[in-house]
Amino acid sequence: MSIQDIIEGKRQWRAHTARVRALPPDYRIVYDELQKYLFKVGPVSLVEGDLLSDLVDFFEGGVADGKGAMDLIGPDVAAFCDGLIGDTQTYADNYQAGRHG
């Protein structure tokens, strides 16, 4: 990973967090809980894909439609996250299988 990659990654993360901060308070709270859960579970797609960005897109659509955050995800944050990641490989799976990297 080059310094340019690190700089670009930071720029993208700052833009992402700005989008999250622009969401209504209920959405920010739910997003924070989703993010905590996903970071704890550790789906590989979280780092290698656009899962968090897709969540913000989903939430921005909900805001535009006039829906509350819980109307979109339902009452159980963990169940919603588990549904998102489905059978996706997690870092915990890799660790248990002996793939530590």
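The values are calculated or read from the model by the stated rules, or taken from the named source; none is laboratory data. Treat the numbers as computed from the prediction; the structure is a model and nothing was measured. Remember, those area values only see protein heavy atoms, side chains included, never the ligands or the DNA or RNA. Shrake-Rupley method; radii C 1.70, N 1.55, O 1.52, S 1.80 Å.
Can you give the Rg and Dmax of the range 61-101 based on its C-alpha atoms, in angstrom?
Rg and Dmax of the range 61-101, Cα atoms, are 15.4, 46 Å.
Residue-wise, which Karplus ³J(HN,Hα) couplings in Hz belong to the range 69-85, taking 6.51 cos²θ - 1.76 cosθ + 1.60, θ = phi - 60°, and x for glycine or proline?
Computed from phi, the couplings for the range 69-85 are 4, 5, 5, 7, 9, x, x, 10, 4, 4, 5, 4, 4, 4, x, 5, 8 Hz.
List the extent of the Cα atoms of the chain along each of their three principal axes, largest first, rounded to whole Å.
Rounded to whole Å, the extents work out to 45, 34, 16 Å.
So what is the accessible area of the range 1-84 per residue, in Å², with the probe set to 1.4 Å?
About 63 Å² of surface per residue is accessible.
Share of the range 1-94's accessible area from carbon and sulfur, percent, 1.4 Å?
Result for the range 1-94: 56 percent of the exposed heavy-atom area is carbon or sulfur.
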